[in-house]
Amino acid sequence: MSTDTTHAVRIRGLTRRFGDRTVLENLDTDISAGEFVVLLGHSGCGKSTLLRILAGLDVDIEGEVLVPKRRAVGFQAPRLMPWKRVWRNVVLGLPGRPDRALATRYLAEVGLEDRAGKWPKTLSGGEAQRVSLARALVREPQLLLLDEPFGALDALTRTKAQALVADLWIKHGCAVLMVTHDVEEALLLADRVLVMDNGHIAHEVRLETPRPRDIGSAEFVQNRRRLLGWLGVDVTADIDTPLEKTG
């Protein structure tokens, strides 16, 4: 069901159980229209379950979840169809006849218009992830859901992909909810960082520093230490690495 014009997401009392295991319990949160929210938390805390519910991929829930009709999802694996050309992957699932011109326009936004006629197997990992992003944006979503989209990329490609997502978010103006394990990535991209623990939103940090952000600033370092502390990482030492995945 759609939300009002000021919110992209409204969640009240959301509970999701798998047998005797409760993954989400009485969760409440909102995401404003156009807001970039990043979700942190250890593996198994309910992050990806929440994302799947918002995407409409999991409907066996209790509580109220209001989201826009136009949503798109980008996963850690690009999930491209190897038997379809790149441009056909971009418009896959859209109503009507496949439109190469439309696909190429969105591929141009991610710097891959020259790869439109290629096969997915010829793409690098970073290129495949950009095609996945173009496939999400071609749907003109009001809510873009990203589940660890940079997790499989090398450090340099990941940095470039982060900058690209930030630019595209500004251009398209959609709300974004992104799941990651990388605290620094969250602080670079988000308007607001949520930390999940045992099926709840346990902590929140609002970030009002203009972008691009200086990772060496006192505010950035303080927020990083705060988030890592909430995530159970020892912050008595100098911490410069992403949160380790557990579970």
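See the values below:
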item: Subset of segment 64-113 [closer than 27 Å to Leu51 by Cβ, acidic (Asp, Glu) and surrounded by 14 or more Cβ atoms within 10 Å (Cβ to Cβ)]; result: Glu109
item: Tabulated pairs, segment 21-39, first within 16 Å of Met196 (Cα to Cα) and without any contact (Cβ under 8 Å) to a residue 60 or more places away in the chain, second in a strand (DSSP E or B) and of a type in the set (A, V, I, L, M), C-beta under 7 angstrom, 6+ apart or interchain; result: Asp30/Val9
item: Any hit, segment 118-141, residues being in a strand (DSSP E or B) and under 25 Å from Val67 (Cβ atoms); result: no
item: Search result, residues across segment 30-47 that are surrounded by 20 or more Cβ atoms within 10 Å (Cβ to Cβ) and either modelled with pLDDT under 95 or of a type in the set (Asp, Glu) (or both); result: Gly41, Cys45, Gly46, Lys47
item: Tabulated pairs, segment 97-117, first among the β-branched types (Val, Ile, Thr), second modelled with pLDDT of 95 or more and not in a helix (DSSP H, G or I), C-beta under 7 angstrom, 6+ apart or interchain; result: Thr104/Ala116
item: Qualifying positions in segment 167-199 - surrounded by fewer than 17 Cβ atoms within 10 Å (Cβ to Cβ) and closer than 22 Å to Gly41 by Cα; result: Asp197, Asn198
item: The one condition in (1) of a type in the set (Lys, Arg); (2) out of contact with any Pro (no Cβ under 6 Å at 6 or more places or on another chain); (3) surrounded by 15 or more Cβ atoms within 10 Å (Cβ to Cβ) that Arg21 fails to fulfil; result: (3)
item: Residues of segment 182-229 that turn out to be among the polar types (S, T, N, Q) and not in a loop (DSSP other than H, G, I, E, B), as a count; result: 2
item: Single residue of segment 191-224 satisfying the filter (among the β-branched types (Val, Ile, Thr) and touching a strand residue (DSSP E or B) at 6+ places or on another chain (Cβ under 9 Å)) that is farthest from Val235 (Cα to Cα); result: Ile201
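The values are calculated or read from the model by the stated rules, or taken from the named source; none is laboratory data. These figures come from a predicted structure and were not determined experimentally. Every residue, glycine among them, receives a Cβ derived from its backbone with ideal geometry; neighbour counts consider all protein chains shown.
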